[in-house]
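Take a look at the structure below.
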Amino acid sequence: MKTVIFRTIAPFIVAVMIVFAIYVSLRGHNEPGGGFIGGLIAASSMAVFGMASGVDAVRKALKFDPLGYAGFGVFIAGFSGLLSLFTGSPFLTSIWLYLPVGRDTIPFSTPMVFDIGVFFVVFGTLTSVALALEDDGGAIG
């Protein structure tokens with residue numbers, strides 16, 4: 001689908017989807033959402049970008065191989081679990097840190113770090129699959 005209208009509006013759609021994916025990911029440990037659904041939304045935006053501009057443009061925009069993002073996400077998610085071992089707690093026990101910023105306090109937690117890792121795993125894996133399917137013209141086999 002390479003119509004002029006789609007190619008023109010696709011960058012705007014992709015930008016909105018990426019911002020929404022980040023929003024959903026960061027609120028996921030307190031409300032519905034999280035790294036998984038945020039990663040799905042971000043990977044869908046890359047599929048839209050690929051349909052509008054081609055696979056080569058997406059790979060150039062990503063800077064790294066999509067599976068590299070997935071590997072980075074596994075590292076981040078595992079690291080968030082290992083942090084609890086420094087407190088003498090079991091693996092993946094939540095740790096909360098409250099950072100004072102002016103009159104407010106910003107909570108920072110290991111579940112949020114885990115969600116960020118899951119975001120990258122889902123984003124990298126599904127983007128890799130979508131680009132492989134688009135590169136082959138949708139043919140499987």
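Just so it is clear, none of the values below were taken in a lab; they were calculated from the coordinates. Here the structure is a predicted model, which means the values were calculated and not measured. We place every Cβ from the backbone using ideal geometry, glycine too, and count neighbours over all the protein chains shown.
Going through the stretch 100-118 one residue at a time, which ones are among the aliphatic types (A, V, I, L, M) and either more than 26 Å from the chain's Cα centre (by Cα) or assigned to a helix (DSSP H, G or I) (or both)?
Val101, Met112, Val113, Ile116, Val118 - these are the residues of the stretch 100-118 that are among the aliphatic types (A, V, I, L, M) and either more than 26 Å from the chain's Cα centre (by Cα) or assigned to a helix (DSSP H, G or I) (or both).
Could you list, in sequence order, all residues of the stretch 41-77 that are out of contact with any Leu (no Cβ under 7 Å at 6 or more places or on another chain), among the small types (Gly, Ala, Ser) and closer than 30 Å to Ile95 by Cα?
Hits for the stretch 41-77 are Ala42, Gly68, Ala70, Gly71, Gly73, Ala77.
For the stretch 81-112, give me each residue that is touching a residue at least 60 places away in the same chain (Cβ under 8 Å) and of a type in the set (A, V, I, L, M).
Met112
Matching residues to (1) surrounded by fewer than 16 Cβ atoms within 10 Å (Cβ to Cβ); (2) under 23 Å from Phe12 (Cα atoms):
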residue	(1), (2)
Gly73	no, no
Ile106	yes, no
Phe120	no, yes
Glu134	no, yes
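Pull up the stretch 1-37, narrow it to residues that are out of contact with any Gly (no Cβ under 7 Å at 6 or more places or on another chain) and among the small types (Gly, Ala, Ser), then point me to the one that is nearest to Leu131 (Cα to Cα).
Result: Ala10.
Only one of (1) assigned to a helix (DSSP H, G or I); (2) surrounded by fewer than 18 Cβ atoms within 10 Å (Cβ to Cβ) is not met by Thr93, so which one is it?
Status for Thr93: all satisfied but (1).
Would you please name the residue that is surrounded by the fewest Cβ atoms within 10 Å (Cβ to Cβ), looking only at residues in the stretch 35-71 that are in contact (Cβ under 8 Å) with a residue 24 or more places away in the chain and β-branched (Val, Ile, Thr)?
Val55
Of the residues that make up the stretch 62-70, is at least one acidic (Asp, Glu) and out of contact with any helix residue (DSSP H, G or I) (no Cβ under 8 Å at 6 or more places or on another chain)?
No, that holds for no residue.
Sort out which residues of the stretch 1-51 are charged (D, E, K, R) and assigned to a helix (DSSP H, G or I), and write them in order of number.
Answer for the stretch 1-51, where residues must be charged (D, E, K, R) and assigned to a helix (DSSP H, G or I): just Arg7.
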